[in-house]
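Right, one structure below, let's go through it.
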Amino acid sequence: MRIRAFLLIALMIGGTFAMLQSYQEYEEKEFAEILTPMNAHFSSLIFTKPALAGTDSKSWIVDDPSEIESLLYFLQNYHVRKLSPGEIDPFDDVEQFSISLKDENGNTLSIIVTEDLIIQNSLLYYEIVDGPLNVDWLVQFFISNQT
């Protein structure tokens with residue numbers, strides 16, 4: 001009987017721990033925390049402008065380290081929250097303005113500009129939670145790097 005009670009208590013503690021872990025996974029965190037697992041320096045920015053009424057989408061690459069640092073510095077002022085699978089539409093094919101950061105290992109971090117900023121790191125999606133977002137800076141950054 002004591003073994004059953006002990007196993008039941010262990011099961012309850014394990015369940016509580018798993019619940020806390022899953023809750024913490026979706027908590028707000030600093031932008032720099034999602035960069036840590038990549039463990040490499042970004043080498044290029046890839047800008048993508050969506051297709052507009054009869055025109056093709058346009059992409060261009062910027063390799064200037066100062067522009068990369070400028071974008072990272074801007075984003076470090078914000079906090080992000082991981083989106084749950086229910087909040088993501090995997091079949092959303094609406095094209096948006098995006099900026100992709102590519103590192104030396106070929107890993108990509110994409111920043112998709114929608115009503116709020118969505119950040120895609122591998123198969124994980126994050127959104128900016130503390131705003132308002134400085135859209136003027138973002139638009140100026142996009143325009144100044146357009147080729």
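Brief remarks follow.
- Residue count, segment 138-147 (criterion: open to solvent by less than 70 Å² (accessible area, probe 1.4 Å) and either charged (D, E, K, R) or in a loop (DSSP other than H, G, I, E, B) (or both)): 1
- Scope segment 125-137; condition modelled with pLDDT of 80 or more and outside any loop (DSSP other than H, G, I, E, B); matching residues: Tyr125, Tyr126, Glu127, Ile128, Asp136, Trp137
- Cβ pairs under 6 Å, 6+ apart, first in segment 96-110 and more than 16 Å from Leu72 (Cα to Cα), second buried (at least 16 other Cβ atoms within 10 Å of the Cβ) and of a type outside the set (Phe, Trp, Tyr): Gln96/Ile112; Gln96/Val113; Phe97/Val113
- For Ile13, the stated conditions do not hold, so it cannot be described as over 19 Å from Phe141 (Cβ atoms), in a helix (DSSP H, G or I), modelled with pLDDT of 80 or more and open to solvent by 80 Å² or more (accessible area, probe 1.4 Å).
The values are calculated or read from the model by the stated rules, or taken from the named source; none is laboratory data. Keep in mind that this is a model prediction, so the values were computed, not measured. Cβ coordinates were reconstructed from backbone atoms using ideal geometry, including for glycine residues, and neighbour counts include every protein chain displayed. Ligands, DNA and RNA are excluded from the accessible area calculation, which covers all protein heavy atoms including side chains. Shrake-Rupley method; radii C 1.70, N 1.55, O 1.52, S 1.80 Å.
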